[in-house]
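Visitor: My structure is below; once you've seen it, I'll send some questions.
Read the figures in this text as sums done on the coordinates, not as results from a lab. Please read all numbers here as calculations on a predicted model, not as lab measurements. Backbone-built Cβ (ideal geometry, glycine too); neighbour counts: all protein chains shown.
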Amino acid sequence: MPVVRFDAPFTFKCGTCQQVVPYRTKMKAHRDSDQYRVNCPKCSNKIIFTFDQNQNTTIITSGAERFGVQIEIQEENGMNEKKAAENESKTNLFEDESAEFNPPKISFANFRK
């Protein structure tokens, strides 16, 4: 197994000591065909990254979890629900046929020529 210099592909949290390792942190890694084995900088826990060629992404196989992903998903779901509610209220305004469009009356007498 050759030893290579490895940049963290995303921010992740160690599974044992909960240390957050930021994106692009440089560390030594042992490289197998599609796997990179690194140690946590704080507790030396073994963390295995696997490169998925079908999706062209890096996945944590064991030893850690990706940090901040659940928060982003929850925010996106919340934003989608808000947008859906806004769209429903807008469509309800247009579906109501009894509502009439009354533009505001503007007097041009106050403007100087």
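Visitor: Cβ neighbours within 10 Å, averaged per peptide: list 38-44, 19-25 in order, most packed at the top. Intermediate values should be presented prior to the final figure.
Guide: On the way: 38-44: 15.1, 19-25: 13.4.
Top of the packing list down: 38-44, 19-25.
Visitor: Checking the a/c ratio against 1.5 first, then a/b against b/c, what shape does the Cα gyration tensor give for region 3-66? Let's see the in-between values first.
Guide: Working: a/c = 1.64, a/b = 1.38, b/c = 1.18.
Prolate shape, in that a/c is at least 1.5 and a/b is the bigger ratio.
Visitor: Estimate the FRET efficiency between residue 3 and residue 65 by the formula 1/(1 + (r/R0)^6), using the beta-carbon distance for r and 25 Å for R0, to the nearest 0.05.
Guide: Working: r = 25 Å, r/R0 = 0.99.
Calculated value: 0.50.
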